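Chemist: The structure follows.
The values are calculated or read from the model by the stated rules, or taken from the named source; none is laboratory data. Keep in mind the model is a prediction, meaning the values are calculated, not measured. As a convention, Cβ positions derive from the backbone with ideal geometry for all residues, glycine included, and neighbour counts pool all protein chains shown. Ligands, DNA and RNA are stripped out before the accessible areas are found, and what is left, the full protein with its side chains, is counted by its heavy atoms. Shrake-Rupley method; radii C 1.70, N 1.55, O 1.52, S 1.80 Å.
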Amino acid sequence: MNGLLPEGFHDRLPPHADAAAALERRVLDVARLYGYEQVDPPLAEFEESLGQRLKAGSAKDAVRFTDPVSRRTLAIRPDITAQIGRIAATRMAHHPRPVRLSYAGQVLKLRASELRPERAMRQIGCELIGRDSVAAAREIVTVAVEALEAAGVPGLALDFTLPDLVEQLAPDMAADQLQSLRARLDAKDAAGVAAIDPAFLPLIEAAGPFDAAIARLRAHDTSGVLGSRLDGLEAVAQAVAGKVSLTLDPTERHGFEYQSWIGFSLFAQGVRGEIGRGGSYSVIGAAGDEPAVGFSLFADPILDARIANGDRRRLFLPFGTDGQAAATLRAQGWVAVAALDAEDSAAAQLCTHELRDGVPAAR
């Protein structure tokens, strides 16, 4: 028998699995201090529930199969956000708003991308259901940044976008033309944008460092349509100014298909691609659409870059070490590995320290 896994799947071995657990714990601990209570939805559920809970969302990336019990189609979650929306709209519909929820779990994509070849990934996040105000967005961005800092992720950068900006600026444009314009703006295709409507060309030029980009957008907004939107965006950015590098790409829509007035991507020094994404969106409930704002972190690229692994301190206890002494050392925070026979050694147990004359000493 061999140890091959399907394409896009992987084992995470020691000490990297321990690092994954530590990353998750540190992120969720920060979220808990802000009032986000953890929920744990199932890996799979009915396809129609998973695909229809978020406005403009879908389950197109989900792996589907037939449940032998109900004979209905089930889907393995490609994202946990929709499940949090379901919980908030059904099981916690009675809960006063806003409701703050956190989560962590495995997701499975139907297909991998060139940038991210993994299909099975770990997702950690927070959702604030019942509000998508400036204050709510400020809190979500603050929690995301503080959680990553607590996890030891260095060189953070945050890139904002305004997912429904084009719709706001062109409310009367035909749907097919609007779709084409969004695609050309997303691709930064100046010639294509000019062919549709040259008035939107300044939006391409507005992308860049946050302060300069905001200034260019304000200069372009001669009618004042974007005034309150840009004021809100600046207020959100101010919450983490000085902690992270800030940029703005006002027309970026890739990955923000169900976000509304604000979206953001998180990046870190030494990590290829984004490590998180968030923004405002709508949850579909029995009483209609409900506003929400949240973020999801992608643990795998952080762990693969080896930037949040932490210390691996293991203390070797020679054969015959007193049990009470071992318990005291563990109470002090040591990972104390006891020899099971006289032939065992610190090297064999991958220990960084060993107990000598009752005192931990580096090897």
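Chemist: Looking at the structure I just gave you, is Ala22 open to solvent by less than 70 Å² (accessible area, probe 1.4 Å) and either in contact with a strand residue (DSSP E or B) (Cβ under 7 Å, 6 or more places away or on another chain) or free of Cβ contacts under 8 Å to residues at least 12 places away in the same chain (or both)?
Modeler: Details: open to solvent by less than 70 Å² (accessible area, probe 1.4 Å): yes; either in contact with a strand residue (DSSP E or B) (Cβ under 7 Å, 6 or more places away or on another chain) or free of Cβ contacts under 8 Å to residues at least 12 places away in the same chain (or both): no.
For Ala22, the condition - open to solvent by less than 70 Å² (accessible area, probe 1.4 Å) and either in contact with a strand residue (DSSP E or B) (Cβ under 7 Å, 6 or more places away or on another chain) or free of Cβ contacts under 8 Å to residues at least 12 places away in the same chain (or both) - is not met.
Chemist: If you don't mind, there's one more thing I want to ask. Run down Thr73, Thr66 and say which single residue is hydroxyl-bearing (Ser, Thr, Tyr), open to solvent by less than 80 Å² (accessible area, probe 1.4 Å) and in contact with a Lys or Arg (Cβ under 9 Å, 6 or more places away or on another chain).
Modeler: Thr73
Chemist: Of the residues Ala292, Ala299, only one is touching a strand residue (DSSP E or B) at 6+ places or on another chain (Cβ under 7 Å), of a type in the set (A, V, I, L, M), buried (at least 21 other Cβ atoms within 10 Å of the Cβ) and more than 17 Å from Ala104 (Cβ to Cβ); which?
Modeler: Ala292
Chemist: While we're here: Every residue in region 267-294 that is hydrophobic (A, V, I, L, M, F, W, C), farther than 20 Å from Ser133 by Cα and within 15 Å of the chain's Cα centre (by Cα), please.
Modeler: Scanning region 267-294 gives Phe267, Ala268, Val271, Ile275.
Chemist: Restricting to region 197-216, count the residues that are farther than 15 Å from Leu165 by Cα and open to solvent by less than 40 Å² (accessible area, probe 1.4 Å).
Modeler: 2
Chemist: Now, a different point. Go through Gly224, Gly208, Gly242, Gly192 for me and flag whichever is of a type in the set (Gly, Ala, Ser) and closer than 26 Å to Val30 by Cα. Please lay out each step first, then the result.
Modeler: Working: Gly224 fails: closer than 26 Å to Val30 by Cα; Gly208 fails: closer than 26 Å to Val30 by Cα; Gly192 fails: closer than 26 Å to Val30 by Cα.
Unique residue meeting the criteria: Gly242.
Chemist: For Val141, only one of the following conditions fails: (1) part of a strand (DSSP E or B); (2) surrounded by 14 or more Cβ atoms within 10 Å (Cβ to Cβ); (3) not hydroxyl-bearing (Ser, Thr, Tyr). What is its number?
Modeler: (1)
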